Each structure stands twice: as structure tokens, then as C-alpha cells.
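Working notes, beginning with the structure itself.
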Amino acid sequence: YEDFSESREGFQRSAQALSFMAASSGLFGASLKGFEWAIKDTYSNSIMIEDNKSVALANLGDLEKAADISWRNLKMLRDKPLEPDAYYKLVYIPFKSNQDILGSNSIKIEEWSLFTYELQHAILLLSKKRVTPLLQSERDFLSNFAEDLSQEMLTSFFDTKQTIHRMLAFYLMSVDSRAMACKFLEHFISTSNQTVQVQAAISDLDEIKAGGA
């Protein structure tokens, strides 16, 4: 990144794509630097760049800052949703597979959904909770999220086209619903044709059954 000048035409857009590739390969430090460059541009998907920054920060261990960015984005998206176009998104799922399998922290979202961001925020808070006490507002978010995630809603996610089964599995495991987490992963493994994500889900399933994460 340092070989390019700030005024180089189109560099911000290139920085976003390069940084996404770097993060998908586990190079979160390098990706974060690129996202900082990319956010200097003000085109319409700047929220997506901030979201990528949040995931990179979480993987680098700065869960507090990651959760702050995630919450800020979530509040903005509640007021002004993204367009429903398909796009690729970095996700934070603290299973071992996310570090061991290249690209396993990148998923394709067929249609934008606020729930994807809410689920990611819940995962960030559950991870943050392991290292530092949560704010009352953060505890309230987790409580409200759990109440809204009814059994009927969960069941509807089994056959969703969105690649969120691994995210749901981590959330469920974190709130002591390991059996349901395993069911989500087993269903995804048996029905999905996304090779990298299936490979990661197999690793996730083994980790849950072994009592890890």
C-alpha cells in the first residue's frame, strides 16, 4: 500500500478489494491498513469497508473496537439499509477453521439482510464477554437478540440461501445450544456445494463435538 500515493486515481477502490483478499487469506494486519486507505474515499459502500475493518480488528484481538464499529454500523443500517444486491462479506466466527482454512471467513450474501449484521454483532459481543465485562446496552442487545430468535425463526434458517449456518452454529454453541448448533452444521454440510465453507463447517462440527471454541 505504501508504494501508492494517496492521490493515485482509483486506489481507494483497489485498496478495498486487495484488503478483502488479504483478510480472506488471514493477513488481517495488512488488510486493516488497506481498509484505512479505502475508507478515505466516500463512495456508497463505505459501511461495508467499516464492517470489514470490524472483522479484521476482531481477528487481531481488538474486540472492543470491533464491537464499537459493528454497533455504529448496525444503527446506521437500521435507518438506511444497503441495496439488496449480492456481495461478499467478511465474517467473524472464532472457530479454529477461520484461522486454518483460507477464505473461510468470507461468505457470499445472496440478498442483504439486517439479521446478518445483528448476528455478527451478537458473536462479537459474546467473544468480547470472554475478555471484558459488557456494557449494560450490550447486555440488553444480547438479551433482545435471544428473545427475537424464536424456534420458528431458527427452523426457517435451515434452508436459507444465506451462508450463515456457521455463524448461527457459533452463536448457538455460545449460548449452550450445542445440539442445535450441530444440526445446523450437519444440514449445511449435507446440502451445500460451497467447498470451502463445507470444509470449514466439518472442522467446526468436530470442534463443537470435542467441546472446544
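Tabulated data
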read-out	value
Residue-count net charge about Ser203 - beta-carbon cut-off 14 Å; Lys, Arg +1, Asp, Glu -1	-2
Relative contact order of the chain, pairs being alpha-carbon contacts under 8 Å that are 6 or more residues apart, as %	16
Accessible area expressed per residue, the chain, with surrounding protein chains retained (probe 1.4 Å, Å²)	50
Accessible-area value, Arg72, 1.4 Å probe, nucleic acids and ligands omitted, Å²	110
Selection from Leu63, Phe28, Leu82, by position along the positive dipole direction of the stretch 25-82 (Cβ)	Leu82
From the C-alpha gyration tensor of the stretch 96-213, square roots of 5λ in Å	22, 17, 14
Cα centre as origin, Lys/Arg/Asp/Glu Cβ charges: the stretch 65-110 dipole, Debye	200
Helix 165-174 vs. the chain, principal-axis angle (Cα, 0 to 90°, nearest 10)	60
Degrees between helix 63-79 axis and first principal axis of the chain (Cα, 0 to 90, nearest 10)	90
Those aspartates and glutamates that a straight Cα-Cα span of less than 20 Å connects to Lys108, excepting residues fewer than 8 apart in one chain	Glu50, Asp51, Glu83, Asp85, Asp100, Glu118, Asp159, Glu186, Asp204
(i) 16.9, 53; (ii) 17.8, 53; (iii) 21.2, 72, with the label sought being that of the calculated Rg and Dmax of the Cα atoms in Å	(i)
Loop-located chymotrypsin sites (Phe, Trp or Tyr not before Pro) in the stretch 120-213 whose Cβ has at most 14 other Cβ within 10 Å (DSSP)	Phe158
Percent accessible area from carbon and sulfur atoms, the chain, protein chains only, probe 1.4 Å	50
Translational D in µm²/s for the stretch 146-213 (Stokes-Einstein at 37 °C, 0.692 mPa s, Kirkwood Rh from C-alpha pairs)	274
Largest to smallest accessible area among Ile101, Ile49 [probe 1.4 Å]	Ile101, Ile49
Size of charge dipole - the chain - debye, nearest 20, with Cβ of Lys, Arg +1 and Asp, Glu -1, no other charges	280
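The values are calculated or read from the model by the stated rules, or taken from the named source; none is laboratory data. Treat the numbers as computed from the prediction; the structure is a model and nothing was measured. Virtual Cβ from ideal backbone geometry, glycine too; neighbours counted across all protein chains shown. The protein model used for the area step is the full one, side chains on, heavy atoms only, and it has no ligands, DNA or RNA in it. Shrake-Rupley method; radii C 1.70, N 1.55, O 1.52, S 1.80 Å.
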